[in-house]
Amino acid sequence: MKVRRLGQTFFAEVIDVDLAHLDDRAFAEIKKAHLEHGVVVFRDQELTPEQHIAFSARFGPLQVHPMMQFNLEGAPQILMVSSDRHPDGRPKGIADAGRYWHTDMSYMPEPALGSLLYARAIPDEGGDTMFCDMTAACRDLPREKREQLLNARAVHHFASRWARESKGGMRPQQTKEEQDRNPPVEHPMIRTHPDTGEPAIYAGGFVVSIKNAPEELLSWVNEWVAQPKYVYRHKWRLHDLVFWDNRRVMHHATPYPETQRRHMHRTTVKGNAPYLDRQYLARELSSTP
Ligand code: OGA
Ligand code: MN
């Protein structure tokens, strides 16, 4: 197995590994690489849905996506991010998933640790996925913004975002039951990584409002993290499996021609309730004159 950094501060490529047949030593190396690089792309994988699920579940319990009709039949741990349609025209998956900066399932009390997105069909052009390093972006924060973010809490709400996206017409509207399933949750805007101890900005497209800070902070954060020095744009190859750390990076899908097919399978590993280390907070705030 070979690991090679592709981005400036994060994102690595892993080659010469078969995720369907992985011994404990190789798994430990992968776990380490994931924490070190934040995002890893495994090239040339041949995985059945069962093998994809089995590999993902080695990192922790899996989270089933709340929009059940887009999960694979018989294997609801797999969400389809896909342009495919059923014979009657209904979409099989979410074709336009995540075309804005976000971190997966941040609208849950215990959001995703990581997501594993596997390319089963890709378009000839477009459909890249961008990632940004929220740890590096946090480290570089100007003092005033750091202080605001340390005190702020963001309210995340799935149904609000879904309603906004479905206005465009590609997605069905949510039923009342689907809307009510995920009530708004509050998270800190800087969170401590539970494994590395590093602080990272935590925000994204499911945020509907913020508490204890000016509302403009949200758009400021979105511009700050999208600076080219924090961003890596992944151009997919067929049979790539990209595994990102939702506690460290945000991601952003990009469009592709409607005439082309893009078919991805995603599993999601559940993470911890985001928290901000109190000692870090006290130290940071006291060093602010
Ligand atoms: C996702 C997602 C981006 C993409 O699967 O969580 O945001 O490029 N996908 O498909
Ligand atoms: Mn996503």
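The values are calculated or read from the model by the stated rules, or taken from the named source; none is laboratory data. These numbers were taken from a predicted model, which means no experiment stands behind them. Heads up, the Cβs are rebuilt from the backbone with ideal geometry, glycines too, and the neighbour counts pull from every protein chain shown. Note: accessible area is taken over every heavy atom of the protein model, side chains too, but ligands, DNA and RNA are not part of it. Shrake-Rupley method; radii C 1.70, N 1.55, O 1.52, S 1.80 Å.
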Would you be able to tell me the number of residues in segment 120-143 that are more than 26 Å from T192 (Cβ to Cβ), open to solvent by 10 Å² or more (accessible area, probe 1.4 Å) and either among the aliphatic types (A, V, I, L, M) or not in a strand (DSSP E or B) (or both)? 7
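To keep it simple, each residue is scored yes or no on (1) open to solvent by less than 10 Å² (accessible area, probe 1.4 Å); (2) aromatic (F, W, Y).
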| position | (1), (2) |
| --- | --- |
| G7 | no, no |
| F10 | yes, yes |
| V14 | yes, no |
| V17 | no, no |
| F27 | no, yes |
| K32 | no, no |
| L35 | no, no |
| G38 | yes, no |
Can you confirm whether R171 is of a type in the set (K, R) and not in a loop (DSSP other than H, G, I, E, B)? no
For segment 52-84, enumerate the residues that are within 14 Å of ligand 2 (Cβ to nearest atom) and out of contact with any Ser or Thr (no Cβ under 9 Å at 6 or more places or on another chain). P66, M67, M80, V81, S82
Against the condition open to solvent by less than 20 Å² (accessible area, probe 1.4 Å), within 14 Å of ligand 1 (Cβ to nearest atom) and among the aliphatic types (A, V, I, L, M), how does A253 come out, does it pass? yes
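Whether any residue in segment 168-179 is open to solvent by less than 40 Å² (accessible area, probe 1.4 Å) and within 16 Å of ligand 1 (Cβ to nearest atom) is what I want to check.
Yes, that holds for at least one residue.
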Of all residues in segment 74-119, which are more than 12 Å from ligand 1 (Cβ to nearest atom), part of a loop (DSSP other than H, G, I, E, B) and over 19 Å from the mean Cα position of the chain (by Cα)? G74, D84, H86, P87, D88, G89, R90, K92
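Please enumerate the residues belonging to segment 179-195 that are part of a strand (DSSP E or B), farther than 17 Å from R139 by Cα and either modelled with pLDDT under 95 or not β-branched (V, I, T) (or both). Talk me through it step by step, then tell me what you get.
Taking segment 179-195 and keeping what is part of a strand (DSSP E or B), we get 185-188, 190-192.
Adding the requirement that they be farther than 17 Å from R139 by Cα leaves 185-187.
Of everything in segment 179-195, those that are part of a strand (DSSP E or B), farther than 17 Å from R139 by Cα and either modelled with pLDDT under 95 or not β-branched (V, I, T) (or both) turn out to be E186, H187.
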